[in-house]
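A short worksheet on the structure shown next.
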Amino acid sequence: MSEPREPGAPARPVTALFQHGRLTAIPRRAARREQLLTHLTETLFETGRTYTESEVNAALRSVHDDCAALRRYLVDAGHLTRTPDCLTYRRTAPNAGG
């Protein structure tokens with residue numbers, strides 16, 4: 001069992017969730033999942049660009065097979081917005097998601 005982290009100690013880097021460029025598992029803890037979502041948003045999506053659902057899926061599938069869950073988490077957390085018809089997605093402005 002690992003020792004608890006001291007207050008103010010740096011969290012494990014989000015890259016610890018990846019092995020050989022692939023996400024090993026989607027974190028269950030909300031705070032850790034938010035770190036992952038921020039990382040994915042910053043590394044996979046450009047601000048101001050419109051993406052189709054297929055493009056979002058392809059980007060997310062490049063790191064994890066469950067692209068639907070990741071896409072849903074990104075939208076629910078406010079990192080991506082989608083049109084009411086769910087056909088297009090956009091990255092939100094930095095700090096708009098949380």
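Before rounding to the nearest 500, sum -39500 (n - 2.57) across all DSSP H runs of length at least 4 in the chain and divide by the residue total; then give [θ] at 222 nm in deg cm²/dmol.
Counting only the DSSP helices, I get -10500 deg cm²/dmol.
So what is the relative contact order for the stretch 14-91, in percent, with contacts set as C-alpha pairs under 8 Å and at least six apart?
33
Provide 73, 89 in ascending order of the number of other Cβ atoms located within 10 Å of each residue's Cβ, fewest first.
Fewest to most other Cβ atoms nearby, the residues stand as 73, 89.
Give me the net charge of residue 52's neighbourhood, meaning all other residues with Cβ under 15 Å from the Cβ of residue 52; Lys, Arg count +1, Asp, Glu -1.
Around residue 52, the charge tally is +2.
Output the antiparallel fraction of DSSP beta bridges having both residues in the chain, as a percent to the nearest 5.
90
Laboratory data are not the source of any read-out in this text; all were calculated from the coordinates shown. Since this is a predicted model, take the numbers as computed values, not measurements. Every residue, glycine among them, receives a Cβ derived from its backbone with ideal geometry; neighbour counts consider all protein chains shown.
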